[in-house]
Every structure is written in structure tokens, then in C-alpha cells.
């Protein structure tokens, strides 16, 4: 397996992985599938903002997952904080891809001078919460019934990882 920057040729696989999550999981609280043009625009926007989109690929299995981070909030004071997302193809769960992709994302965030990485995880997703704990993320809050999908209320767990030891932000 190789983890590399995504390119336009990865758009169909990224679209398929995302739409599977829309249809079958609470990894995203979006209920509307997207098309390839949407994911191509998303990839372009991430690149333009200087944020990575990574894919995990193998010669035999193609794109097995993708991951990215971007602005946590749009205001200037949050410029040192990013929020990430990782999506693994359904038939590739449980193979260590999430941890490998998260490790690569954390490295990229540190290299780009970010201070904190935020995770917003559906509170019932114990596997994701455990993975984040193993990677050093700490719990920083839970919001009850702030979302809905599949006819039920969803709680959101926030976790964060401090990426550096800067005591003062850049001016």
C-alpha cells in the first residue's frame, strides 16, 4: 500500500467511497450523494487552500481510502487549527488504513505549521474514538442530539490533538 496525494484520476473512487458513507454510515451526516464534478471541485478547493487530500492505494485493489484536512472555522483566529476526515472503502476496514492515513495527515499538518487538529466523531463510533485516543487525541467535549440521520438523533464527540509545543501563536 502507498499513501500519496490524490489526483484527478482518483475522483471516481473518492466519489464512490464518499457516497457509500452517505448511504450507509454516520461518518458523514450528509444525506445527499455527490457526483464526480462535486468531488473534483472539492479536490481543487483543497489544493488551492494548500490542504492535502491523500489516498491509500495498492496496485491490486486501487484506491482503498482517502483523507484530508481543512479549515476548522473560517475566521482568522482559527487559522492554526484544522479538522480532518478519513474515509475507508467498506471492504478495506480493519486493515490499519485509518491509522496509516491519520499518521500521514498529522505529519502534513505539523509540517504546514498547524497547532491543533480537531476530530468531530459521531459518538457511537467507538472504533474511531479508540483510534484517535491511540494517536494521542484527547476528548474535549460532547454535544448531544445536534444531528440526525437514518431517523435518529446523533451525538457529536469532539477530540483534539496538539500538534506542536508553541506557547504563543504567530502574530
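The values are calculated or read from the model by the stated rules, or taken from the named source; none is laboratory data. None of these values were measured; they are calculated from a predicted model. Using ideal geometry, Cβ is built from the backbone for each residue, glycine included, and neighbour counts are taken over all protein chains shown.
Are any residues in the range 1-15 surrounded by 15 or more Cβ atoms within 10 Å (Cβ to Cβ) and either within 14 Å of the chain's Cα centre (by Cα) or under 17 Å from residue 101 (Cβ atoms) (or both), and if so, which ones?
Answer for the range 1-15, where residues must be surrounded by 15 or more Cβ atoms within 10 Å (Cβ to Cβ) and either within 14 Å of the chain's Cα centre (by Cα) or under 17 Å from residue 101 (Cβ atoms) (or both): 1, 3, 6, 10, 13, 14.
Residues considered: 22, 34. Of these, the only one that is assigned to a loop (DSSP other than H, G, I, E, B) and surrounded by fewer than 19 Cβ atoms within 10 Å (Cβ to Cβ) is 34.
If I filter the range 87-99 for residues that are under 20 Å from residue 155 (Cα atoms) and surrounded by 13 or more Cβ atoms within 10 Å (Cβ to Cβ), do I get at least one hit? Looking through the range 87-99, at least one residue is under 20 Å from residue 155 (Cα atoms) and surrounded by 13 or more Cβ atoms within 10 Å (Cβ to Cβ). Only residues that are in contact (Cβ under 8 Å) with a residue 60 or more places away in the chain, in contact with a strand residue (DSSP E or B) (Cβ under 8 Å, 6 or more places away or on another chain) and assigned to a loop (DSSP other than H, G, I, E, B) were counted in the range 76-124, giving 3.
Of the residues making up the range 125-139, those that are assigned to a helix (DSSP H, G or I) and either surrounded by fewer than 12 Cβ atoms within 10 Å (Cβ to Cβ) or within 15 Å of the chain's Cα centre (by Cα) (or both) number 8.
Return a yes/no flag: does the range 38-46 have any residue that is surrounded by 14 or more Cβ atoms within 10 Å (Cβ to Cβ), in contact with a strand residue (DSSP E or B) (Cβ under 6 Å, 6 or more places away or on another chain), farther than 20 Å from residue 96 by Cβ and without any contact (Cβ under 8 Å) to a residue 40 or more places away in the chain. Yes, the range 38-46 has at least one match. Residue check: is residue 67 out of contact with any strand residue (DSSP E or B) (no Cβ under 9 Å at 6 or more places or on another chain), modelled with pLDDT of 95 or more and within 19 Å of residue 11 (Cα to Cα)? Here the answer is no, as residue 67 does not meet what is asked. Residues that are in a loop (DSSP other than H, G, I, E, B) and modelled with pLDDT of 65 or more were ranked within the range 155-168; the one that is surrounded by the most Cβ atoms within 10 Å (Cβ to Cβ) is 163. Could you list all residues from the range 37-64 that are closer than 30 Å to residue 155 by Cβ, touching a helix residue (DSSP H, G or I) at 6+ places or on another chain (Cβ under 8 Å) and in a loop (DSSP other than H, G, I, E, B)? 52, the sole residue that qualifies.
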